[in-house]
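Okay, structure first, notes after.
The values are calculated or read from the model by the stated rules, or taken from the named source; none is laboratory data. Model, not experiment: these values are computed from the prediction. Quick reminder, even Gly has a Cβ in these numbers, built from the backbone with ideal geometry, and neighbours come from all protein chains shown. Surface areas here come from the heavy atoms of the whole protein model, side chains and all, with no ligands, DNA or RNA. Shrake-Rupley method; radii C 1.70, N 1.55, O 1.52, S 1.80 Å.
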Amino acid sequence: MDARPRAFPLLPNMPPDARAHGIHPGAAHSSPPLRPVTRQADEPCEPCELRAPRGRHHRERPLCSALLAAVLAIGCRGAEAPTGPLPAAGGERMRGDAMAAPLPGDAAPVAAADAGATDAGALAATPPCTTDDTSAVEGASAPHDTLTLTKVGFAELPGWADDKLAEAVPSFLRSCEKLRALGEDAPIGADGHGGRARHWRKACAAAAKVAPDDDAGARAMFEAEFVPYVAAGTAGPTGKLTGYYVAELHASKTRHGKFQTPVLGRPDDLVMVDLSSFIKDAHGRRIWGRMDHGELVPYYTREQIRKGILARRGLELMYVDDPVDLLFAQIEGSGKANLDDGTTMWLEFAGKNGRAYRGVGGVLRGGGFLKPGEGTMQGIRAWFHDNPTRFDEIADQDASYVFFMVSKRPGAVGSQKTILTARRSMAVDRAFVALSTPIWVETRAPVPGKKGITAVWRHLLIAQDTGAGILGAVRGDIYWGDDTEAAELGGRMGGPGKYWLLLPRGVAR
């Protein structure tokens, strides 16, 4: 089998999902290949683009265009790496310290194709320029990362024969419901690199015929309908995989006693601008802000909101008894509120102020309050428990703020507006992976009840969520669920991992 990296042409742009977009192969095999383009650290913003052969959907305007500058006068920075712990999907999402344990059989990373590559089989996608820390652009990708996909066989996926693949089928079918609502020629992914909706029809129809618990049937379906590609970023095929969960809250519909911290709904003056409506290669980026005398300006910071700048607007959905619980619900992007009247309410993401995210774990480590390895959810909670009077001081250093709405459906809702499936849904960087994509994952995960112990974890997940901190070609956040074990595993997980994208036959060959 030809194992060389393959190049794939671009498809026309599509209107992005509410919170997601992707960049990866997406056209018929008969089209001419892309010419790899990368941007060096000292180069100006233009051109921050992918270039296709003349006449093949050439992108004429980079993201860092005059229009974007006019929207918020946002420039591009150099190759500055993010500081502190990497956040994850949903609302803002950050994760704990990375586990140092290597992957089983992990070899030295294989470098992705660079700008000077001459192999016609290399796919190199350079995301738009990163933005200033004070900007309100959502979804700026990791600086200068590229995605290279190399076609492999299913036999090369470690552990493929051992997974209970029937468990992944219901999750995939939930994504198929979203695909079914699209027209035949609708591009998949914000830039159309996931092919057209028609390319996914056959796979969705085949998945619907798989009987529950029929792992052999599910395996045969995936092998018949999809082609696996190992994903590699600029640093190679090994990236960072973390975990998240539904945060539990204890709340009341009225403010009294210990229930003093408000959970706010989306303000009516919060504006979201989808840059894809104005810029051809915006890659689904969005801006959050508010109108001030006809101009879009950044929205209020977390500190301003805490001090009451949105008071008396009737935004309070409920009141919680612990601000730390609300902080983690905002980090995770959803919540399960157990009310004092015995009822349960589910919260889902409704919007955010668009301010740059700064994880509290990074704040605490930067201040010398946490030792290496303590920046997990459990470690952060323990510090706040021991230092309750310093919560506002620490939390206000993260200017970002997430607003909620009461969900009509029980369960966590991802960016694709589907209910997430525990251990079968994953958040991805929308600049590289289109939602609905099945992804084979190899990493290590915490062992329940055994602190500091991890085990090999290989399973098939579906890309159904995104997050402000999920940045990079090989970067994922695994959804663990809404119970106590999910909180333990999701709060502790964070380390190296690899994944393989499964693309429908006909999307790319």
### Task
Can you tell me which residue among Gly189, Gly194 is assigned to a loop (DSSP other than H, G, I, E, B), within 21 Å of Phe154 (Cα to Cα) and either in contact (Cβ under 8 Å) with a residue 60 or more places away in the chain or in contact with a Lys or Arg (Cβ under 7 Å, 6 or more places away or on another chain) (or both)?
Gly194
### Query
Do we find a residue being without any contact (Cβ under 8 Å) to a residue 60 or more places away in the chain and open to solvent by less than 70 Å² (accessible area, probe 1.4 Å) anywhere in the range 353-363?
no
### Query
Do we have any residue at all in the range 310-318 that's touching a residue at least 24 places away in the same chain (Cβ under 8 Å), among the hydrophobic types (A, V, I, L, M, F, W, C) and open to solvent by 40 Å² or more (accessible area, probe 1.4 Å)?
yes
### Query
When residues of the range 185-201 are filtered for being out of contact with any Leu (no Cβ under 9 Å at 6 or more places or on another chain) and open to solvent by less than 10 Å² (accessible area, probe 1.4 Å), how many remain?
1
### Task
Please state which of the following conditions Asp325 fails to meet, knowing it meets all the rest: (1) open to solvent by less than 50 Å² (accessible area, probe 1.4 Å); (2) more than 23 Å from the chain's Cα centre (by Cα); (3) closer than 24 Å to Arg381 by Cβ.
(2)
### Task
Evaluate the range 490-499: report whether one residue or more is in contact with a Phe, Trp or Tyr (Cβ under 8 Å, 6 or more places away or on another chain), open to solvent by 10 Å² or more (accessible area, probe 1.4 Å) and either within 20 Å of Lys164 (Cα to Cα) or of a type in the set (Phe, Trp, Tyr) (or both).
no
#### Entry: Check on Leu503, open to solvent by less than 30 Å² (accessible area, probe 1.4 Å) and more than 26 Å from Arg358 (Cβ to Cβ)
yes
### Task
Can you confirm whether the range 456-478 contains a residue that is outside any strand (DSSP E or B) and over 16 Å from Ala431 (Cβ atoms)?
no
#### Entry: Residue tally, condition closer than 23 Å to Trp457 by Cβ, open to solvent by 40 Å² or more (accessible area, probe 1.4 Å) and modelled with pLDDT of 95 or more, over the range 220-237
1
### Query
With respect to the numbered conditions (1) under 30 Å from His256 (Cβ atoms); (2) open to solvent by 10 Å² or more (accessible area, probe 1.4 Å); (3) of a type in the set (A, V, I, L, M), which one is the sole condition not fulfilled by Ala337?
(2)
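Quick grid of which residues meet (1) in a helix (DSSP H, G or I); (2) open to solvent by less than 50 Å² (accessible area, probe 1.4 Å); (3) more than 30 Å from Pro158 (Cβ to Cβ):
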site: Asp213; (1), (2), (3): no, no, no
site: Ala218; (1), (2), (3): yes, yes, no
site: Gly243; (1), (2), (3): no, yes, no
site: Glu248; (1), (2), (3): no, no, yes
site: Val263; (1), (2), (3): no, yes, yes
site: Met272; (1), (2), (3): no, no, yes
